[in-house]
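Q: Let me begin by handing over the structure; questions about it come next.
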There are 2 protein chains.
Amino acid sequence: MELGNLQSVRKSIKVVDATLRDGGIVNNFYFTDEFAKALYAANLAAGVDYMEFGYKVSKKLFDVTKFGKWKFCEEDDIRSVVGENKTDMKISVMSDVGRVDLATEVLPKKESVIDLYRIATYVHQIPTAIEMIEFCNKMGYKTSCNIMAISKNQESDLKNALEEVGKSPVDIIYIVDSFGALYPEEIRRVADMYLEVGAKYGKEIGIHAHNNQQLAFANTIEACAKGVNFLDGTVCGMGRGAGNCFTESLLGFLKNPRYKMDPVLGFIREYMKPLSKTTAWGYDVPYLLTGLYNAHPYAAIDFLKAGRTDYEKFRREILGENEF
Amino acid sequence: MELGNLQSVRKSIKVVDATLRDGGIVNNFYFTDEFAKALYAANLAAGVDYMEFGYKVSKKLFDVTKFGKWKFCEEDDIRSVVGENKTDMKISVMSDVGRVDLATEVLPKKESVIDLYRIATYVHQIPTAIEMIEFCNKMGYKTSCNIMAISKNQESDLKNALEEVGKSPVDIIYIVDSFGALYPEEIRRVADMYLEVGAKYGKEIGIHAHNNQQLAFANTIEACAKGVNFLDGTVCGMGRGAGNCFTESLLGFLKNPRYKMDPVLGFIREYMKPLSKTTAWGYDVPYLLTGLYNAHPYAAIDFLKAGRTDYEKFRREILGENEF
């Protein structure tokens with residue numbers, strides 16, 4: 001199969017901007033309405049294919065006074081930004097397994113401007129994820145299955161999971177390097193594994209990378225070169241811990257004339273640079289260490305919040321070397 | 001040839017820490033003596049194979065009142081840090097083509113603690129670079145030829161240059177992505193080209209990457225996987241513009257028990273974090289743009305120094321679109 005090269009266009013590629021969703025983890029989703037509207041306008045003008053507005057989780061499970069609206073993605077809140085969204089940019093939300101009341105909180109597609117439900121799951125939750133996928137599919141939505149933290153899984157377990165997901169009505173299966181632990185050569189191997197399942201069951205493959213080792217962009221474009229079509233980014237890489245692949249890097253890299261950098265560059269100046277003065281995300285030493293040792297970034301987030309700089313001790317903590 | 005894998009050790013790999021040299025470009029080489037001594041101690045304890053102290057350029061060509069000592073790397077200045085350097089860490093300096101008076105400023109090896117002269121050259125200067133290599137070689141030094149800004153060269157010109165350098169007495173030929181313009185798949189192709197010449201003439205290959213597109217570490221380890229053995233890094237990536245591959249990332253990535261992260265992590269806390277409060281380097285939007293469009297980073301450095309944030313206009317400036 002001819003996949004193209006650095007000078008060609010592959011129209012099956014889709015850029016997914018997840019700034020409000022993964023970036024929302026950084027600031028508990030407290031974005032201003034102006035920010036969300038400006039980001040929507042920028043993504044639209046930039047040719048971004050999907051904009052993810054946030055999580056769709058149940059208000060019964062989380063204290064609504066402790067999170068901004070994009071933790072919950074109520075239909076009216078999305079519509080206050082996008083209206084009827086009569087554009088060619090699709091809208092996605094993410095739901096963690098077990099965190100949304102499907103029967104009461106997922107509207108039929110014809111009543112919603114949401115196009116894509118992305119179901120975030122760990123390998124051990126796959127059967128529940130598939131139930132959610134089946135439900136959302138029946139309600140008329142496109143769905144993806146985002147299998148998180150795969151760097152912690154045995155390859156054989158992951159293969160089993162992929163087979164189960166492959167048999168489901170899901171449209172897209174995502175490679176998610178939650179810990180920013182994987183190197184490009186590992187990502188290429190993982191991409192091959194996913195693409196094989198994708199070819200077998202007619203599914204698209206996506207990638208969501210984290211920047212702990214400053215490999216998010218590299219891993220994303222390496223996966224893309226293999227045939228992975230759904231590419232996640234966030235503006236300025238805003239996302240949990242070390243953050244993500246930068247949307248602006250992707251837009252610059254892709255040669256499809258559909259993609260324009262300027263709208264996002266303007267958004268960076270007007271919104272992201274001011275935000276970055278009060279809100280911290282992105283690469284730092286403790287994230288390198290959790291990525292390197294394949295550990296959840298929460299340890300690094302706590303380390304930085306506590307104002308710690310004893311990197312050496314932290315390194316031993318992650319490795320469990322203090323436990324002997 | 002078995003090159004190893006992510007779990008194995010390849011003893012021919014050498015880590016070259018160029019913090020004083022490439023980082024010196026950021027602060028005109030005004031490092032404190034304490035900083036240089038602490039970096040030497042950290043690199044030594046970390047198992048770094050080569051530490052580059054700075055440039056060796058002629059004091060006749062540059063105003064000595066405008067640069068710190070590591071712009072010139074006088075023998076006595078290096079010795080004030082390393083003494084006789086009775087260690088297994090080697091010492092390197094870099095000389096730009098035509099910027100050092102060989103006859104008066106390069107001592108015979110037996111009078112110097114310097115081990116390696118790295119000759120930085122553009123493709124069109126190769127014959128002069130080879131004269132310098134021959135001179136340094138005769139004086140008893142190991143030499144490398146660092147061909148800069150190769151993303152601006154035609155492949156055929158670069159191949160010719162590599163053949164000429166291959167016939168010289170040089171020990172190491174470096175891939176230098178001065179503009180941070182190259183993607184991993186390009187780096188792999190370039191690495192193959194260099195490694196072929198290396199195999200033909202018995203030369204080692206090295207890589208010096210820049211982080212404009214946040215690809216410096218990715219490109220370095222991808223080249224390494226191909227067989228490139230000399231890997232440049234700088235602590236916290238300190239270097240011109242967007243900076244370099246991070247030494248600490250390399251030390252974490254490499255599985256040789258020789259390499260220890262803790263000494264460098266301590267150095268980051270004690271020296272790099274304080275320095276970063278007064279001195280700016282590293283990834284930012286304008287560097288992404290010069291990398292993406294294969295332009296010299298000086299435009300981005302000027303842009304940031306001028307306090308500009310009109311990224312869109314800057315993008316058109318780099319592309320020359322204002323010239324029509």
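Q: Under a 5 Å amide H to amide H cut-off, with H placed in plane at 1.01 Å, what residues pair with B:Tyr122 once short-range neighbours are removed?
A: The answer is B:Met148.
Q: Would you mind checking which residues have amide H under 5 Å from B:Tyr174's amide H? H placed 1.01 Å from N; only 5 or more apart, or other chain.
A: For B:Tyr174, whose amide H was placed from the backbone, the distant partners under 5 Å are B:Cys145, B:Asn146, B:Ile147, B:Gly206.
Q: Suppose you put the label 7 Å out from Cα in the Cβ direction; list, shortest first and in nm with one decimal, how far A:Lys138 is from each other copy's label.
A: 8.6
Q: Which trypsin sites (Lys or Arg not before Pro) does segment B:244-319 hold that lie in a coil by DSSP with at most 10 other beta carbons within 10 Å? If you can, show how the numbers build up before the last one.
A: Details: sites: B:Lys255, B:Arg258, B:Lys260, B:Arg269, B:Lys277, B:Lys305, B:Arg308, B:Lys313, B:Arg315, B:Arg316; in loops: B:Lys255, B:Arg258, B:Lys260, B:Lys277, B:Arg308.
Passing both the DSSP loop test and the Cβ count: B:Lys277.
Q: Follow-up. Hey, what number do you get for the protein assembly as shown at 222 nm if only DSSP H runs of n ≥ 4 count, each worth -39500 (n - 2.57), divided across all residues, to the nearest 500?
A: Details: 28 runs with 254 residues, N = 648.
One gets -11000 deg cm²/dmol as the mean residue ellipticity at 222 nm.
Q: Over the protein assembly as shown, how many percent of alpha carbon pairs lie in each 10 Å bin up to the one with the longest distance?
A: Calculated P(r), rounded to whole percents: 3, 16, 26, 25, 17, 9, 4, 1, 0.
Q: Do you know the Lys pair count in segment A:121-206 for C-alpha distances under 18 Å, with sequence separation 8 or more or different chains?
A: Lysine pairs meeting both conditions in segment A:121-206 amount to 9.
Q: Okay, moving on. Can you tell which of B:Leu39, B:Leu289, B:Leu102 shows the greatest fluctuation in a Gaussian network model of chain B with Cα springs below 10 Å?
A: In the Gaussian network model the winner is B:Leu102.
Q: Starting from a Cα-only point model with no solvent, please compute log10 I(q)/I(0) by Debye for segment B:1-160 at q = 0.09, 0.11, 0.13, 0.19 1/Å.
A: -0.32, -0.48, -0.66, -1.26
Q: Okay, moving on. Taking only pairs that are 8 or more places apart or on different chains, how many Lys pairs in segment B:1-73 have Cα atoms under 12 angstrom apart? Please report the intermediate quantities before stating the final value.
A: Values: B:Lys56/B:Lys69; B:Lys56/B:Lys71; B:Lys59/B:Lys69; B:Lys59/B:Lys71.
Qualifying lysine pairs in segment B:1-73: 4.
Q: Tabulate in residue order the Karplus-calculated ³J(HN,Hα) for segment B:111-119, using 6.51 cos²θ - 1.76 cosθ + 1.60 with θ = phi - 60°, rounded to whole Hz; enter x for Gly and Pro.
A: 9, 10, 8, 6, 9, 10, 9, 9, 9
Q: Further question: Once label points are set 7 Å from the Cα along Cα→Cβ at both A:Tyr201 and B:Ala149, what is their separation, rounded to one decimal in nm?
A: 5.2 nm
Q: Restricting the count to DSSP beta bridges whose residues both fall in the protein assembly as shown, what percent are antiparallel, rounded to a multiple of 5?
A: Numbers: 2 of 70 bridges.
Bridges in the protein assembly as shown are about 5 percent antiparallel.
Q: Using θ = phi - 60° and the Karplus relation 6.51 cos²θ - 1.76 cosθ + 1.60, list the HN-Hα couplings for segment B:231-245 in order, rounded to whole Hz, with x at every Gly or Pro.
A: Karplus values, whole Hz, x for Gly and Pro: 10, 7, x, 9, 5, 6, x, 4, x, 3, x, 6, x, 10, 5.
Q: Under a GNM of chain B (C-alpha, springs under 10 Å), which listed residue has the highest mean-square fluctuation: B:Gln213, B:Gln125, B:Gln154?
A: Evaluated over chain B, the most mobile residue of the options is B:Gln154.
Q: Now, a different point. Taking only the alpha-carbon atoms of segment A:211-288, what semi-axes of the equivalent ellipsoid follow from 5 times the gyration tensor eigenvalues under a square root, in whole Å, largest first?
A: Details: eigenvalues 93, 68, 10 Å².
In descending order, the three semi-axes are 22, 18, 7 Å.
Q: I've got another one for you. Pick from B:Ala18, B:Ala218, B:Ala199 the residue whose mean-square fluctuation is largest in a GNM of chain B, springs joining Cα atoms under 10 Å.
A: In this elastic network of chain B, the residue with the biggest mean-square fluctuation among B:Ala18, B:Ala218, B:Ala199 is B:Ala199.
Q: Could you state the principal axis extents of the C-alpha atoms in segment A:106-183, from the largest down, to the nearest angstrom?
A: Ordered largest first, segment A:106-183 gives principal extents of 41, 23, 16 Å.
Q: Give me the net charge for the shell around B:Ala242: Cβ to Cβ below 15 angstrom, other residues only, Lys and Arg +1, Asp and Glu -1. Working shown, then result.
A: On the way: positive: B:Arg240, B:Lys305; negative: A:Glu248, B:Asp22, B:Asp177, B:Asp232, B:Asp284, B:Asp302.
Net local charge, B:Ala242 excluded: -4.
Q: Moving to a separate point now. Mind putting a number on the dipole of chain B about its Cα centre? Charges go on the C-beta only, +1 for Lys and Arg and -1 for Asp and Glu, and I need it in Debye to the nearest 20.
A: Numbers: 40 positive and 44 negative charges, 101 e Å.
Value, rounded to 20: 480 debye.
Q: Right, something else. Where does the longest stretch of chain A lie that holds no GluC sites (Glu not before Pro) found in a DSSP loop with 11 or fewer other Cβ atoms within 10 Å? Walk me through the numbers before you get to the answer.
A: Values: sites that count: A:Glu2, A:Glu84.
So the longest stretch without any such site is A:85-324.
Q: Under the Karplus relation 6.51 cos²θ - 1.76 cosθ + 1.60, θ = phi - 60°, what is the ordered set of whole-Hz ³J(HN,Hα) values for segment B:92-97, x standing for Gly and Pro?
A: After applying 6.51 cos²θ - 1.76 cosθ + 1.60, I find 10, 9, 10, 10, 6, 3 Hz.
Q: Next up: Nearest 0.05, what FRET efficiency do A:Asp63 and B:Asp262 give at R0 = 35 Å with Cβ-Cβ as r?
A: Working: r = 41 Å, r/R0 = 1.16.
Computed FRET efficiency for A:Asp63 and B:Asp262 comes out at 0.30.
Q: Kindly list the residues of segment B:245-268 that lie in the label zone of A:Lys313, defined by a backbone N under 19 Å from the point 7 Å along the Cα-to-C-beta vector.
A: B:261-268
Q: Calculate the tail of P(r) for segment A:14-276: the fraction of all Cα-Cα distances greater than 25 Å, expressed in %. Mind showing how you got there, number by number?
A: Values: 13529 of 34453 pairs.
Roughly 39 percent, rounded to a whole number.
Read-outs: derived from the displayed coordinates by stated rules, not from any lab. Just so we're clear, the structure is a prediction, and the values are computed from it rather than from any experiment. Neighbour counts run over all protein chains shown; Cβ positions are idealised from the backbone, glycine included.
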